[in-house]
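First comes the structure, then the notes that go with it.
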Amino acid sequence: MMKKISIIIPKYKPNKEIFDRLKEYIKENAKAIEIIEIEGTKGLANAYNEGIKKSRGEILITIHQDCIPLEKDSIKKLVKPFKEEKVVMTYSKILQEDTKELFYPHVPDGKFTAFRKSALKKVGMFDEKTFFTGGEDIDIWLKLKKIGKVLPVNTLFLHSHPFYKGSFSIEKRKQNGSINGTLFRVWGIKNPKWFKAILMCFRYPLSYGKYFLKAFFSGKQKYRRKE
């Protein structure tokens, strides 16, 4: 018998149209599942942890406010591997609405991801003292990999973020620099993105590089982009 499931949705100034689409999906496809919405004013890692503390489920699913699963049984597929006790985390494919790219993330990033709650507690949950608006995903993935299996699942979700420019946005470069500077301080070359991060520092020294160094020396990721 499948263990009880809770869905945690961190919120921070959500786009109403996209968020309504997500809530409609959940209403139609997640009946009898506990839904927990958490305001993310204190950061993403903090929102995750607040959701974990409030949850009654043994399997936790995080869904970001701008993401909509695209199959009626996406949630069922995401949690099915947890029948095996060694599985601690599963994640889905991403369909980027703007570019139409379909891919598995190189590192599961919490947009539509499932966790075994006991495993999260075993590794100390998300590190909200170090990470604010990013980096907590790689940090928790590296910790969970040490104690169990992390598996990709053959389902997908739509990431719908209007006017999102990725690393081409100066604000996003600042935030990513801050994220990877902190990760380099904590994990060094165990972070799979470390080499690309160093290259980005040389390519964009006044945005990415500046905030990479600030975060590295402070030991904290605390930059939230303004766009």
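The values are calculated or read from the model by the stated rules, or taken from the named source; none is laboratory data. Just so you know, these numbers come straight off a predicted model, no measurement behind them. Note that each Cβ is placed from the backbone with ideal geometry, even for glycine, and that neighbours are counted across all protein chains shown.
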For this session: Scan the range 108-144 residue by residue and report those that are more than 21 Å from Tyr25 (Cα to Cα) and either loosely packed, with under 15 Cβ neighbours inside 10 Å or of a type in the set (Lys, Arg) (or both).
Result: Arg116, Lys117, Ser118, Lys121, Lys122, Gly124, Lys129, Lys143
Exercise. Do we have Ile18 as in contact (Cβ under 8 Å) with a residue 60 or more places away in the chain and over 20 Å from Phe132 (Cβ atoms) here?
Worked result: yes
Exercise. Condition test on Lys193, is it in contact (Cβ under 8 Å) with a residue 60 or more places away in the chain and either buried (at least 19 other Cβ atoms within 10 Å of the Cβ) or under 22 Å from the mean Cα position of the chain (by Cα) (or both)?
Worked result: yes
Seminar exercise, completed: In the set Asn176, Asn180, Asn154, the lone residue that is among the polar types (S, T, N, Q), surrounded by fewer than 23 Cβ atoms within 10 Å (Cβ to Cβ) and either over 23 Å from Gly57 (Cα atoms) or modelled with pLDDT of 95 or more (or both) is Asn154
For this session: Quickly run through the range 177-227 and pick out the residues that are of a type in the set (Phe, Trp, Tyr), farther than 15 Å from Thr130 by Cβ and not in a helix (DSSP H, G or I).
Result: Tyr204
For this session: Look at the range 196-227 and say how many of its residues are under 20 Å from Lys143 (Cβ atoms), in contact (Cβ under 8 Å) with a residue 60 or more places away in the chain and not polar (S, T, N, Q).
Result: 2
Seminar exercise, completed: Over the range 82-137, the set of residues among the hydrophobic types (A, V, I, L, M, F, W, C) and more than 22 Å from Leu156 (Cβ to Cβ) is Ala119, Leu120, Val123, Met125, Phe126, Phe131, Phe132
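Quick one: which helices (runs of 4 or more DSSP H) lie wholly within the range 71-150 and hold at least 1 residues that are touching a Pro at 6+ places or on another chain (Cβ under 7 Å) and assigned by TED's automatic domain parsing to the domain that holds Ile18?
Hits in the range 71-150: 74-79, 136-145.
Could you list, in sequence order, all residues of the range 174-190 that are free of Cβ contacts under 8 Å to residues at least 24 places away in the same chain and of a type in the set (Val, Ile, Thr)?
Across the range 174-190, the qualifying residue is only Ile189.
Somewhere in the range 87-109, is a residue in contact with a helix residue (DSSP H, G or I) (Cβ under 7 Å, 6 or more places away or on another chain) and farther than 30 Å from Lys222 by Cβ?
yes
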